[in-house]
Structure formats: C-alpha cells, structure tokens
Amino acid sequence: MALITACFNTLLCVRHRRLTRIFRKRLGRLPNYAAPQGYNDKIQWRKLFDRNPLFPVFLDKIAVRGHVARITPGLKMPDLLWTGTNPEAIPFDRLPGRYVIKPNCRSGCNHFVLSPSDADPPAISKMCRKWLAGPFGQAEKEWGYLPVERRLMVEAFLDSHPEENRTRDFRFHVFNGRVHLITAADCKITGTRRVQLGMATYYDREWRQLPYFNTRLQSGVPSAMPRPHRLDTMISAAETLASGIDHLRVDLYLVEDHVYFGELTVYPTSGLVAYAVMDVPGLAPVEDFDTALGRPWQLPEISTARRLYRGLFG
C-alpha cells in the first residue's frame, strides 16, 4: 500500500507540476497529495479531490450572505450597498462617505474609499475590470472559485477604531465543528488598501497565545492582545457556520459590542505558507505547527476511483 501511495503521489506531482513547484519553493519540500498529514498538505488534498458543492457558495462573497443569514440569523453583516457587473454603473453619488469595493469571486482584493473625494471612478473602473477579467485560483488549483459568477459589490466600511482607520480581524479555524486556532491581527487602512500591522498573533480557543507565526509576514513585532469581550459569542458563531464541514476558516470582526461576519475561507493561505517558532517569553513550542494544525482535520471519505480521476484528469 505504501508503494502504491508513493507512486500515486509521484503521478500527482508530475500532473500538477506548477502547483508542485510553487509548494516546493514556499515550503522547501514536495507536497504529499496522496496521504497528507500536515495542514498545508491537507489543503492541497482538498484542492485536488474535494468537490463539496458548498465551497462555491462559501467563496462567493454575495451568495454567502444568504447562507450566513439562514445559518446564523442573529449575526450582523456589513450593509450591502450595491452589486453588479458593470463598474461604470457604481452609483458613487449615492454612496455614503466610507465604503469598500470588492469582487465577489476573488480573495485579497479590496478597494477602500474613506471620503467622497477619494473616489476616482475611471481608476476604479479599470481596476474592477481586471478583477473580473478571468477566473481566480486556477494556478493554485482552487476549484471552489471556478463556478462563482463574477460580480462586483460595494459594502459599508466597518470602523473598529474610526479615528485611526483601523480594524481588528479575528480568524477562527474550525475543524469538524470545533475551533482549534484563532488568529488576530490589527489592520490599518492606508490609502485604499488594508495593511496588516505587524504579525498576526495565534491563540487557542481559551485565548492562550501560541508561539508560532506565518513566515510570509515577518515585519513588525507580535504582541499579545487582550481577550476579546465577545470571544465566546464569536466562537459560537464560527462553530455554527462551520457545522458539518471538515474544515473552514471563519473571519469575524468585533466593532464596539457587535460581532460582524467577514468571510468564509475554504483554502486558507492556499496551503502554501510555512510556519516558524516565535520568540515569546514563557512560551515554548510543543511540536511542528503544520503537523499540530493538521491533526484535528479529519478529511472526508472520497472513493479511490474519484480521487484517481480528479487527481489525474480533473
């Protein structure tokens, strides 16, 4: 069996050469597509084999709003101010002073307008057309994005610290219905972009800091955050939204006393990020973080025939 698994993994590495090169460049080793153990490898397994029909719903920033409203009707969401496919139709003259323009079909694309004078319709239109020009996630084999109908959306801007144009982001990694990891980061809106201030800090569900960090975001100095006063509410919301899914990252915002939904992430960091030990007094790593994070993830059962077909021909 071990030999068959090794041969299958070799075939997958050859079949998905581009993804394999990216993985090896980022993590310094070949991926284990066929029999993953660590977190990054399990993300790759999901990309190649898992065709859960809910994934395109989760990744569609417009469609997911209906899903969230059904599953967690009490969870707030930023007001949706406009949707459409034509950027020239964005009603700039009717929008409030502060808002966010984004595509529903991509990750990491946000354009912040913090005052009416900051809006530049021709430049925004050009940017939006680039967002809609092609499917997202093809190079990294992120299947869940491909069925999403490409649209634009405008949301109200949430101010955690309005005097500083700052937000505090909380990301809950839920495995088989239970939060095992929380990342928290302070972000500042600089110009039209959200910029993370330093490194995100990692916590367990009891808000105990963990001595690890994402090696792609090494700038700044990590600092412990106070336990959020609505942490239990956020954990409950995250676990409800991820119920029935083997793994989902649920992003939430805490604004004053209210918890707001951010987004659902099916392929966090695309499974292409190395983790390293952080020098935190009094905290010592127990084991490799990628291994530890992958342990609670119980992958779904998918037949050998389907994995063979999807891996080699899908």
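The values are calculated or read from the model by the stated rules, or taken from the named source; none is laboratory data. No experiment lies behind these values; they were computed from the predicted model shown. We place every Cβ from the backbone using ideal geometry, glycine too, and count neighbours over all the protein chains shown. Heads up: the accessible areas ignore ligands, DNA and RNA and are worked out on the full protein's heavy atoms, side chains in. Shrake-Rupley method; radii C 1.70, N 1.55, O 1.52, S 1.80 Å.
Observations
- 0 to 90° range, to nearest 10: angle between helix 17-27 axis and the chain longest Cα axis: 80 degrees
- Virtual spin-label span in nm between LEU11 and ALA274, 7 Å along Cα→Cβ: 3.1 nm
- Residues ARG24 and SER115, FRET efficiency given R0 of 45 Å [Cβ-Cβ distance, rounded to 0.05]: 0.50
- Close Lys-Lys pairs in the chain, where close means Cα under 29 Å and separation is 8 or more or interchain: 27
- Net length available on complete extension from ALA69 to ARG168 is 33.4 nm, with 0.36 nm assigned per residue and the Cα-Cα distance removed.
- Charge-dipole axis of segment 1-115 as Lys and Arg at +1 and Asp and Glu at -1 on Cβ define it, positive-most pick from CYS109, LEU19, GLY74: LEU19
- Selection among ALA63, PHE49, PRO121 by position relative to the dipole of the chain gives PHE49 as farthest towards the positive end (Cβ unit charges, Cα centre).
- Charge dipole (debye, nearest 20) of the chain; +1 at Cβ of Lys and Arg, -1 at Cβ of Asp and Glu: 1360 debye
- Estimated from helices alone, the mean residue ellipticity of the chain at 222 nm is -8500 deg cm²/dmol (sum of -39500 (n - 2.57) over DSSP H runs with n ≥ 4, per residue).
- With all protein chains modelled, accessible area of THR85 [1.4 Å, Å²]: 80 Å²
- Ordered by solvent-accessible area of protein heavy atoms (1.4 Å probe), largest first, the residues LEU299, LEU95, LEU11 come out as LEU11, LEU299, LEU95.
- Phi angles across segment 58-65 convert, under the Karplus curve 6.51 cos²θ - 1.76 cosθ + 1.60 with θ = phi - 60°, into 3J(HN,Hα) values of 4, 8, 8, 5, 8, 4, 5, 4 Hz, Gly and Pro given as x.
- The chain - percent of accessible surface contributed by carbon and sulfur, probe 1.4 Å: 52 percent
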